[in-house]
Amino acid sequence: MIGIIDSGSGGLNVIRACSKYFKEDYVYIFDDLNCPYGNKQKSFIEKITKKNIEYLIKNYNLDFIILACNTASSVIDLTNINYSIPIIKTNPNLKCINSKKNVLLFATKNTIKNNKILKFYLWNYKNIKTVFIKNLPKLIDGFIDNKSNKNKNNIIKKLNHGFCNKCGLKNKYKKIKTISLGCTHFKYIEGFLKNIFNNNISFKFRESEVAQNACFLIRKNKRKNTIKIIKTSKIFNQ
C-alpha cells in the first residue's frame, strides 16, 4: 500500500501516472481543510505535512509515501527526520531547461520561493521565467468536483488575469514553447493554457518521474528478503 499526500486533487494525477507502471493500493490524504498551500506560511505547511505523514505511518502499513504536492515537497526538509518508510517528493520538471530557449515555470508562490533545486536553476539560467496565481489550486479542486460553466469561467478569468493582465506573459513571451507545470493540480487545466498561449506549447510534468521512482521502490521491496532467525535454545531449552 502506498500513501499519497496532497493539498487537493492533484495527487490523483500522480496515482494515474503510477497506474501505468504498476497496480497498487493507495491511501490518499486530500487536505481540503488547509488547501491551498501556495501562499501559507512555510512553518505552517511544514507542520501540517509532518502531521499528515505521521498519521499515515501510524495508521496504515505502507511501503512508502508520495508527497504529491510540489509546495509541500519544496517546503519540508526531511534531512534530519528518520521516518520508518521512504518519502518520495514531487518537484517541478526542469529537464527541459537549457541556456538558449525561454522556459516558463508555472507553480505556486511557495514552490518558487522555497524549492532548493529550483533556486539553483533560477540562479544559473536567466532564461527561466516564473509565475504564480494565488489560490488557483483550490479553484481547480472546485472545478473537478463540479464541472459547471461558472467554475470553468472563473478559472479562465483567473488565468487570463494572471498571464495577460497581471504579468503580461502572453505578449512578453510569445516565442515560449515550453511550460513546466510545477503543481500537480495544473494538469487539469492544460487545455485552458493552450487557449491562452497556443496549441504548440509543450507541457512538462513531473508525475511520470515520480511514478518511476515509486516503481523502483516497489521492485526493491519485492526483491528484499526478510529473514527471521529462531534459535532452538530460545524455544526448547526452557
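The values are calculated or read from the model by the stated rules, or taken from the named source; none is laboratory data. Remember, predicted model here, so these are calculated numbers, not experimental data. Backbone-built Cβ (ideal geometry, glycine too); neighbour counts: all protein chains shown.
The condition of being touching a Ser or Thr at 6+ places or on another chain (Cβ under 7 Å) and more than 30 Å from residue 1 (Cα to Cα) holds for only one of 105, 94, 136, that being 105.
At pLDDT below 90, within 23 Å of residue 144 (Cβ to Cβ), within 16 Å of the chain's Cα centre (by Cα) and among the polar types (S, T, N, Q): is that true of residue 108 in this structure? Yes: the conditions hold for residue 108.
For the range 9-29, a residue qualifies if it is assigned to a loop (DSSP other than H, G, I, E, B) and either touching a His at 6+ places or on another chain (Cβ under 7 Å) or closer than 14 Å to residue 67 by Cα (or both), and the qualifying residues are 9, 10.
Given the criteria within 30 Å of residue 200 (Cβ to Cβ) and in contact (Cβ under 8 Å) with a residue 40 or more places away in the chain, does residue 49 qualify? No; evaluated as a whole, the condition is false for this residue. Within the range 146-161, the set of residues being loosely packed, with under 13 Cβ neighbours inside 10 Å and under 12 Å from residue 136 (Cβ atoms) comprises 157, 161. Among the conditions (1) farther than 21 Å from residue 198 by Cα; (2) assigned to a helix (DSSP H, G or I); (3) in contact with a strand residue (DSSP E or B) (Cβ under 8 Å, 6 or more places away or on another chain); (4) at pLDDT below 80, residue 151 misses just one, which is (3).
Just one residue in the set 77, 32 is in a loop (DSSP other than H, G, I, E, B), free of Cβ contacts under 8 Å to residues at least 60 places away in the same chain and among the acidic types (Asp, Glu); that residue is 77. Does residue 88 satisfy the criteria of being over 30 Å from residue 55 (Cα atoms), at pLDDT 85 or above and either surrounded by 20 or more Cβ atoms within 10 Å (Cβ to Cβ) or in contact with a helix residue (DSSP H, G or I) (Cβ under 7 Å, 6 or more places away or on another chain) (or both)? Spelling it out, it is not the case that residue 88 is over 30 Å from residue 55 (Cα atoms), at pLDDT 85 or above and either surrounded by 20 or more Cβ atoms within 10 Å (Cβ to Cβ) or in contact with a helix residue (DSSP H, G or I) (Cβ under 7 Å, 6 or more places away or on another chain) (or both).
Total residues in the range 14-69 satisfying the condition of being under 18 Å from residue 183 (Cα atoms) and aromatic (Phe, Trp, Tyr): the figure is 3.
Number of residues in the range 113-147 that are in a strand (DSSP E or B) and touching a residue at least 40 places away in the same chain (Cβ under 8 Å) equals 1.
Screening the candidates 236, 216, 186 for the property of being on the phi < 0 side of the Ramachandran plot, modelled with pLDDT of 80 or more and not assigned by TED's automatic domain parsing to the domain that holds residue 111 yields one hit, 216. Considered as a group, the residues in the range 10-66 that are within 14 Å of the chain's Cα centre (by Cα) and aromatic (Phe, Trp, Tyr) include one that is surrounded by the most Cβ atoms within 10 Å (Cβ to Cβ), and that residue is 37.
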